[in-house]
1. Could we say that THR70 is polar (S, T, N, Q) and free of Cβ contacts under 8 Å to residues at least 12 places away in the same chain here?
2. Provide a single number: the residues in segment 11-56 that are touching a Lys or Arg at 6+ places or on another chain (Cβ under 8 Å) and modelled with pLDDT under 95.
3. Select from segment 32-47 the residues that are in a helix (DSSP H, G or I) and touching a strand residue (DSSP E or B) at 6+ places or on another chain (Cβ under 8 Å) and write down the one among them that is surrounded by the fewest Cβ atoms within 10 Å (Cβ to Cβ).
4. Checking the condition out of contact with any Cys (no Cβ under 9 Å at 6 or more places or on another chain) and under 18 Å from PHE124 (Cα atoms), which residue from PHE63, PHE75 passes?
5. Could you run through segment 93-146 and say how many residues are polar (S, T, N, Q) and in contact (Cβ under 8 Å) with a residue 12 or more places away in the chain?
6. When the residues of segment 48-77 are narrowed to those that are in a loop (DSSP other than H, G, I, E, B) and touching a helix residue (DSSP H, G or I) at 6+ places or on another chain (Cβ under 7 Å), which ends up surrounded by the fewest Cβ atoms within 10 Å (Cβ to Cβ)?
Amino acid sequence: MPRGPAGVEIEIEIEDAAWTERLPDLEVLVVAVATAALGPTRSGTVTVLLTDNSAVADLNARFRGREGPTNVLSFPAAASARPHLGDLALALGVCEGEARAQGKSLAHHLQHLVAHGVLHLVGFDHTSDEEAEVMEAREREILAGLGIADPYAVPDDPAAVHPEH
């Protein structure tokens, strides 16, 4: 069932039940951050698939030509498909491993990755340093509004901090 404020629908598909075992308030977390990332003026539908490493690895290979799973994949909808903004897919094993390595809770890491993915759906990117600075600043702002610390303030492994997509 879609969730979110007026004009926004966040559809959550849980393919791997381990997500809800780890995060009983999973749907509340996803809706809160996705809604915050969309902001007060944007409307539309976002579908969030919460699955396992194998499913994300398959999507990564088919749509990006890359082997193996990644933390989050974003699939923006074609302009003609609006008000559907697009889809996200998150791999539990990768997300848990990154959260552990970065000393973060899985809940906060999930919210960072959902914010990151939604921002991709609405046109943000990080292909240049300038774009990355703008996108990361917006992620920090969204997460701070939810009481979550700066997701990029992890000194141990800077490469592990930046979501791929």
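The values are calculated or read from the model by the stated rules, or taken from the named source; none is laboratory data. Remember, it's a predicted structure, so these values are computed and weren't measured experimentally. FYI the Cβ positions are ideal-geometry reconstructions off the backbone, even for glycines, and counts take in every protein chain you see.
1. Criteria not met by THR70.
2. 1
3. Taking segment 32-47 first, the residues in a helix (DSSP H, G or I) are 32-38.
Retained after the next criterion (residues that are touching a strand residue (DSSP E or B) at 6+ places or on another chain (Cβ under 8 Å)): 34-35, 38.
Numbers: ALA34: 27, THR35: 19, LEU38: 24.
Selected residue: THR35.
4. Details: PHE63 fails: under 18 Å from PHE124 (Cα atoms).
The conditions single out PHE75.
5. So the answer is 2.
6. GLU67
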